[in-house]
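Q: Sharing a structure here in C-alpha cells format.
The values are calculated or read from the model by the stated rules, or taken from the named source; none is laboratory data. Worth saying up front: this structure is predicted, and the values here are computed from it rather than measured. Ideal geometry is used to build each Cβ from the backbone, glycine not excepted, and the neighbour counts take in all protein chains shown.
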Amino acid sequence: MKSDLRPPNPNPSGTNAARGFEKVFLRLVKSGPERRAIEAGQVDAVLDPASGTAVLLPEAQRALIGRKARFRHLAGLASDWFWEQDEFYRLVSHTGTASGSSGIFDESIIGKTLWDLPFVSMGEADWQAHRRLLEWRAAVRDLELRCTDRAGEVRWVSINGEPTFDERDQFKGYRGTMRDITLRKQSEALAQKPLRLACDTLDALAVQVCVLDAAGTVIIANKPAGAFAAGSRSIGAVVREGVNYLEVCDKARGSERVDGVAIAAGIRQVIAGDSPLFHHEYVCNAPARRCRFNLTVTAFSGDGAARVVVARENVTERKRVERVPGDGATRAVVSRGNVAGHLSAEGEPVANSLLAALPRKDYRRLRAGLEPVALTYGEVLYEPGDPIQHVYFPNNCVVSLLETLEEHEALEVGLVGREGMVGIPLALGTDVSSVRALVQGSGTAMRMESAHFLKAFKQCLPLQRELYRYANTKLSQARQSAACNRFHGVEARLARWLLMTRDRMGMDDFRLTHELLGSMLGVLRGAVTKAAGALQQRKLISYSRGNIRILDGNGLEAAACRCYQIAGSIHS
C-alpha cells in the first residue's frame with residue numbers, strides 16, 4: 001500500500017514510540033491476515049476510519065525521514081543554501097555548505113521574510129510584485145538580490161523555490177535553493193564598462209536614439225528619447241527598453257496610423273536587409289506642442305546579431321526658418337513628409353495632395369472608406385487587363401505605370417506619388433487597368449475599394465474636379481516624357497526621374513535596380529549604368545546594389561533637363 005501522507009508524529013523513535021504504534025494497530029487492525037502483512041513489512045500506513053488520519057508504521061516513517069535527509073544533503077551540495085519557508089513566507093530553516101560561513105546569513109534570519117532582510121536591490125513595488133507571485137503559488141526562478149555581508153562587502157545571491165502542499169492540498173510554504181553569484185555579477189559589471197561608455201555618449205547627443213533587436217524590441221534608448229517619451233502621447237512615447245517598437249507602430253491609431261504603418265514597414269525592411277537605410281519625416285504631438293521629426297533607421301551587426309539604430313531629430317525650428325525664393329518674396333519650404341496647409345477633420349496634416357485639396361466636410365465623408373496600407377518595393381498592384389478592385393492615394397510611396405509590349409519589355413508612361421491616385425481609369429469610366437502598376441518605392445498609401453470610390457466620386461463634386469484636373473496633368477506629363485525620351489540624353493533624363501521619385505517619396509534614399517531604371521527610361525541596362533556612374537562620379541548621387549541616395553539635390557537639378565521644371569516637379 002503506497003501512501004504519501006504525513007505521519008501524525010514526524011519523529012517516532014525508541015521503544016516507547018513502538019509501543020504507542022502497537023496500541024494504535026491493535027485498535028485499528030482486527031484480522032490476522034492484515035497483522036501478518038504488517039509484520040512482513042508489506043504495509044506502510046493504516047487509515048483510521050473515524051478521524052481519516054493516516055498512521056505511518058515506524059519503518060515507513062524512518063524511510064520518509066531518510067529520504068528528506070538525503071534530499072536536503074543533495075540540495076546543499078548543488079547550491080550554497082537550502083531553505084524552507086512556512087505558509088506566512090517566514091524562513092524556518094536554512095542549511096548548506098556556505099550557510100553561516102559566508103558572512104551573509106546566520107540564524108538571525110529564522111522567522112523573517114525575504115523582504116524583512118537587508119536586500120537593497122528591491123524596492124517596495126518590486127516586493128509587492130514578488131508577494132503577488134507567492135500568493136499565486138508561482139515558482140520562484142532566478143530572483144537576484146543584493147546585500148552587504150558582515151565585512152561590509154557587496155554580495156549577490158540568486159534564489160529559486162517552489163511551493164509545498166500537504167496531503168489535503170493545503171499550502172504549507174516554500175522551499176528552494178540559494179546561490180552566491182557575487183563573482184558572476186562582478187564579471188558582468190566589468191564587461192558592461194564599454195557599453196556604459198557608449199550609453200553615456202548616446203545620452204550626450206541631442207538626437208533621440210534607440211537600438212532595436214531583430215524582433216523590433218528596444219534594447220537601448222538614450223536620455224533624450226526617454227525625456228521625450230515621458231511627456232508625449234505620440235509614437236515616440238514608447239521609446240523605452242523592453243518595448244517592442246514595431247508592435248506599437250502597427251497599433252497606432254487616429255492621426256498617427258499612417259506614420260505608424262510607414263515606420264514599421266521601413267524598420268522591417270532594414271532588419272530584413274532589403275534596404276540599408278530608411279528615412280521618414282512626420283509630425284507628432286510633443287509634450288509642449290506639435291513637432292516635426294526626421295526619423296532615420298540604419299542597420300548594423302557588430303556581434304553577428306541583427307540590430308537597427310533608430311535616430312529621430314526634431315527639425316521643427318529648422319523647417320520654420322528655411323526659405324526659398326518665389327515671385328519677389330519668400331515662402332516657407334513645404335516639407336516632403338506631409339502637405340502643409342491641408343488638414344484633416346482633426347487638424348492633422350493629410351499626406352496625399354488630392355485628399356488634402358478636398359474641403360473638410362467632403363474629406364470627412366470620404367475618410368470612412370479609406371484604410372492605410374503598406375506598399376513594398378516590387379509589389380504589383382495591377383496587370384494590364386486586371387479589374388481595378390482598389391484605388392490608392394500614396395502618402396510617401398511611388399508607383400510606376402508601365403506599358404508592356406509583346407516582347408514583354410516595359411516602358412514607363414506615368415509616375416504616381418503623393419500628388420495623385422493610382423486607379424484613375426475608374427474616374428474616367430473604365431474599370432479595367434491598361435497598364436502595370438508597380439511599386440517603385442516602399443511606403444504607405446490610403447486604399448479604397450472600387451465600389452466605395454465610385455459611389456463617393458458620383459456624390460462629391462470637389463473630388464471630381466480634383467481628379468479631372470489630375471488626369472489632365474498626367475496627360476501633359478506623359479506628352480512631356482515622350483518628348484523628353486526622344487530628344488534628351490540618358491544622364492539628364494535619369495537625373496529628372498530621380499528628382500521626381502524623391503519628390504513623391506519625400507526622402508533622398510530609395511531602392512532601384514538597373515533593370516527597373518532601364519524600363520523607366522526606355523534604354524538598355526548598359527546606358528543606365530553609364531549614366532548613373534557619371535552622376536556618382538560628380539558626387540550628385542551614391543549608387544550601390546540598387547540603393548540610391550541623392551547627395552546634392554541642387555546639383556542634380558542642374559544636371560536634369562528642363563522637363564523636370566516643366567512637368568516633373570509636383571511642387572510646380
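Q: Please enumerate the residues belonging to region 376-398 that are crowded, with 16+ Cβ neighbours inside 10 Å, in a strand (DSSP E or B) and either assigned by TED's automatic domain parsing to the domain that holds His280 or modelled with pLDDT of 90 or more (or both).
A: If the condition is that a residue be crowded, with 16+ Cβ neighbours inside 10 Å, in a strand (DSSP E or B) and either assigned by TED's automatic domain parsing to the domain that holds His280 or modelled with pLDDT of 90 or more (or both), then Leu381, Tyr382, His390, Val391, Tyr392, Phe393, Pro394 are the ones that fit.
Q: Let me ask something additional. Determine if region 506-520 includes at least one residue that is more than 30 Å from Leu295 (Cβ to Cβ) and either touching a residue at least 40 places away in the same chain (Cβ under 8 Å) or over 38 Å from the mean Cα position of the chain (by Cα) (or both).
A: Yes, there is a match, as at least one residue in region 506-520 is more than 30 Å from Leu295 (Cβ to Cβ) and either touching a residue at least 40 places away in the same chain (Cβ under 8 Å) or over 38 Å from the mean Cα position of the chain (by Cα) (or both).
Q: Between a residue in region 133-149 that is in the same structural domain as Phe171 (by TED's automatic domain parsing) and touching a residue at least 24 places away in the same chain (Cβ under 8 Å) and any residue that is exposed (fewer than 12 other Cβ atoms within 10 Å of the Cβ) and β-branched (Val, Ile, Thr), which pairs come within a Cβ distance under 9 Å, given they are 6 or more apart or on different chains?
A: Matching pairs, first to second residue: Leu145/Val120; Arg146/Val120; Cys147/Val120; Thr148/Val120.
Q: Please determine, by comparing only the residues of region 460-479 that are hydrophobic (A, V, I, L, M, F, W, C) and within 41 Å of the chain's Cα centre (by Cα), which one is nearest to Leu415 (Cα to Cα).
A: Ala471
Q: If a residue must be surrounded by fewer than 18 Cβ atoms within 10 Å (Cβ to Cβ) and of a type in the set (A, V, I, L, M, F, W, C), how many such residues does region 414-455 contain?
A: Looking only at that region, the number is 4.
Q: A further question on this structure: Could you give every pair whose Cβ atoms fall below 6 Å, whose first residue belongs to region 119-130 and is surrounded by 12 or more Cβ atoms within 10 Å (Cβ to Cβ), and whose second residue is part of a helix (DSSP H, G or I), counting only separations of at least 6 or pairs across chains?
A: Within 6 Å, the pairs are Trp127/Trp115.
Q: Here's another thing I want to ask about it. Can you run down the residue pairs with Cβ atoms below 7 Å, 6 or more apart or on separate chains, where the first is in region 530-543 and more than 11 Å from Leu498 (Cα to Cα) and free of Cβ contacts under 8 Å to residues at least 40 places away in the same chain and the partner is among the hydrophobic types (A, V, I, L, M, F, W, C) and outside any loop (DSSP other than H, G, I, E, B)?
A: From region 530-543, the pairs are Tyr543/Ala532.
Q: Here's another thing I want to ask about it. Given the conditions (1) surrounded by 15 or more Cβ atoms within 10 Å (Cβ to Cβ); (2) modelled with pLDDT of 80 or more; (3) of a type in the set (Ser, Thr, Tyr), which single one is not true for Tyr564?
A: Failing condition for Tyr564: (2).
Q: Somewhere in region 505-514, is a residue acidic (Asp, Glu) and part of a helix (DSSP H, G or I)?
A: Looking through region 505-514, none of the residues is acidic (Asp, Glu) and part of a helix (DSSP H, G or I).
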